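Before any comments, here is the structure.
The values are calculated or read from the model by the stated rules, or taken from the named source; none is laboratory data. These numbers were taken from a predicted model, which means no experiment stands behind them. Every residue, glycine among them, receives a Cβ derived from its backbone with ideal geometry; neighbour counts consider all protein chains shown.
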Amino acid sequence: MKQELINEEPLVEVLNGKASTTSLMFSTVFEIQHNEVLQKIHAVDYSNAFIDNNFSSVKMVENGVDKEIFYITYDGFSLFLSEFYGRLNKQLVEKYLTEFEFLSDQLLCLCVNGKQLNETIH
């Protein structure tokens with residue numbers, strides 16, 4: 001992914017009160033075919049509770065074609081780090097982790113103040 005796009009696009013957003021990224025963003029940033037990312041998600045061999053809490057399937061229509069994407073939490077992202085170990089750009093991994101940490105801190109502050117948020121934070 002071109003560096004200027006990475007700097008402009010938020011890698012992490014809030015979904016259902018959790019810092020999350022999408023399978024599409026993950027595949028774009030790390031230049032991995034989205035189908036390969038989807039295959040890895042569908043092959044995750046963890047408990048149903050872990051999968052349900054960390055991978056949320058969403059159907060989209062792009063150019064008239066149905067497309068599946070997943071929202072992935074920090075824990076799901078961490079799992080992916082091990083699945084794609086050695087293939088991921090370390091600087092991009094660090095940027096992702098920094099954004100997850102920042103957004104999680106923001107959510108904690110909002111939670112402490114009794115507010116709820118479900119939007120992208122830059």
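Hey, does region 28-43 have a residue that's crowded, with 19+ Cβ neighbours inside 10 Å and either among the aromatic types (F, W, Y) or touching a His at 6+ places or on another chain (Cβ under 8 Å) (or both)?
Going residue by residue through region 28-43, those that are crowded, with 19+ Cβ neighbours inside 10 Å are 29, 37, 41.
Checking the rest, the ones that are also either among the aromatic types (F, W, Y) or touching a His at 6+ places or on another chain (Cβ under 8 Å) (or both) come to none.
So far as region 28-43 goes, no, none of its residues is crowded, with 19+ Cβ neighbours inside 10 Å and either among the aromatic types (F, W, Y) or touching a His at 6+ places or on another chain (Cβ under 8 Å) (or both).
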Tell me, please, whether a residue that is under 24 Å from N35 (Cβ atoms) and modelled with pLDDT of 80 or more can be found in region 101-112. no
Tabulated pairs, region 73-94, first more than 21 Å from D45 (Cα to Cα) and assigned to a helix (DSSP H, G or I), second β-branched (V, I, T) and at pLDDT 80 or above, C-beta under 9 angstrom, 6+ apart or interchain: L92/V29
Taking Y46, is it of a type outside the set (A, V, I, L, M, F, W, C), under 25 Å from Q91 (Cα atoms) and not in a helix (DSSP H, G or I)? no
